[in-house]
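The values are calculated or read from the model by the stated rules, or taken from the named source; none is laboratory data. As the structure is a computational prediction, the values presented were derived from the model and not from experiment. Here Cβ is always computed from backbone atoms with ideal geometry, including for glycine, and neighbour counts include all displayed protein chains.
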Amino acid sequence: MKFLCVVCDEAMKVAEIPSPSSGDALTVVFRCPGCGHQVALLTNPWEAQLVRSLGVAIGGRSAPPAPLELVRATLTEARLLWTEEAERRLERVPEFVRSVVRKSIERYARQQGCREVTPQVIDEAKADMGM
Ligand SMILES: [Zn+2]
């Protein structure tokens, strides 16, 4: 799940990390790295649970096991989580190649059966690509 800034066509980044208590309503603030525009995603407790179950990388945490495991398995089969540190590493990559690098790393991670992209996975992927 991503929010795109309609002005910049940039993927918005999580600007505010929501409170970790599960079962509560959730507010996530996304910020456009281009123009600084912000949007807030407000969910009720059920939606918050759904969002967590879908493995959305809110604040870089991986989703805890949830009753909606089946939904997650079917909807996010090809989806990988990036840890906060891994995202920061990716941000150092020049913008014009970032999406390509991201795809390459995710392809490698999937080949390795990883469900999460960590700095270590990035290093391994780079080594694998001869970088
Ligand atoms: Zn923008």
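The set of residues in segment 83-102 being farther than 18 Å from ARG115 by Cα and not in a helix (DSSP H, G or I) consists of ARG92, VAL93, PRO94. In segment 103-131, the residues that are surrounded by 14 or more Cβ atoms within 10 Å (Cβ to Cβ) reach residues that are charged (D, E, K, R) and at pLDDT below 90 with C-beta atoms within less than 6 angstrom, at least six apart or across chains, in these pairs: TYR108/ASP128.
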